[in-house]
1. Name the residue, out of SER98, SER106, SER203, whose mean-square fluctuation peaks in a Gaussian network model built on the chain with Cα pairs under 10 Å.
2. What is the log10 of I(q)/I(0) for the stretch 2-226, computed with the Debye formula using one identical point scatterer on each Cα and no solvent, at q = 0.09, 0.12, 0.13, 0.17 Å⁻¹?
3. Send over the Kirkwood Rh of the stretch 75-173, from the inverse of the averaged 1/r over different Cα pairs, rounded to one decimal Å.
4. Below 23 Å, Cα to Cα, which lysines can LYS230 reach? Residues fewer than 8 away in the same chain don't count.
5. Along the stretch 59-67, what does the Karplus equation 6.51 cos²θ - 1.76 cosθ + 1.60 (θ = phi - 60°) give for ³J(HN,Hα), rounded to whole Hz, x for Gly and Pro?
6. What is the sum of charges, Lys and Arg at +1 and Asp and Glu at -1, for the other residues whose Cβ falls under 12 Å from the Cβ of LYS92?
7. Which residue, ILE28, ILE198, ILE161, tops the fluctuation ranking in a GNM of the chain built on C-alpha contacts under 10 Å?
8. For ILE102, which sequence-distant residues (separation of 5 or more, or a different chain) have an amide H within less than 5 Å of its own amide H, given hydrogens modelled in the peptide plane?
Amino acid sequence: MKKFEGTGVAIVTPFKDDLSIDFSAMEILIENLILKKVDYLVIMGTTGESATLTKEEKKQIKEFVIDKNRNRLPIVLGIGGNSTKEIVETIKNTDFQSIDAILSVSPYYNKPQQDGIFLHYKAIADASPLPIILYNVPSRTSVNISYSTTLRIAKACKNVIGIKEASGNLEQISNILKYKDEDFLVISGDDTLTLALIAMGASGVISVTANALPYEYSQMTRACLDGNFKKARKINFEIFEIMETLFQDGNPSGIKASLEILGIIKNNLRLPLVKVKKEVYLKLKNLLKK
């Protein structure tokens, strides 16, 4: 599972002014990420506005990224939701050629018990031909995957290889790291906590910030993994205010504003998401200039 160590990037979906997918901008973004030495790509996640994409658009994006990547980096595909049956059917009907793993967010809105979360992931694991990375983000799903449930899933489902942890709960994450099997990956889902989590034993990050700062962020992550925390802290402090500001008006609004400032994509989002406020945009512009 070395291929999922380091910096994964939850890539955005660029839109034209008419809100159709801007594949030309997506190609520029992908090439920039690969050039700046990120470790793998994550498509169809929250940052990619997957909730607003049709099934046909998701298929087009998957095929486009595979084509433009040309097997240079591993690709993780987001397949999640709050209907276990629908996810299982999606997995059974998906062509996974050139896809390396599935990232599956914990069920949202339904607010299942921990047993329900366990059985949900067991059903997905039983159906999946690929490794699965759990995704715990209780700020969006309203339900936390407890550390004991994470360990239970990992023990019962051998193709569940790790978890993207975005709970922000360092005590919980510490318990996962303490009791997990050696080859189970704990991946940071909070850009501002990556340095701390790798110091605790995490294997890397799936980052939003790296869309805009792929070289800086991947260098910080790599320095952490190499045990060079002096270098890692220096980079982390240099970009920390940018990371904080990116999420001030929500994700992916902040990262899309940043990518427009950098001249990579247009700052277009599909409703119900809207652009960041003017003061946030100007702050990002000033910080990125530095």
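Every number in this text was worked out from the coordinates using simple rules, so none of it is lab data. Keep in mind that this is a model prediction, so the values were computed, not measured. Here the Cβ is made from the backbone with ideal geometry for all residues, glycine too, and neighbour counts use every protein chain on show.
1. SER98
2. -0.33, -0.60, -0.71, -1.26
3. 13.4 Å
4. LYS36, LYS37, LYS290
5. For the stretch 59-67, the Karplus-derived couplings read 5, 4, 5, 4, 5, 5, 5, 4, 4 Hz, x marking Gly and Pro.
6. -3
7. ILE28
8. So ILE102 has HN proximity to LEU77, ILE132, ILE133.
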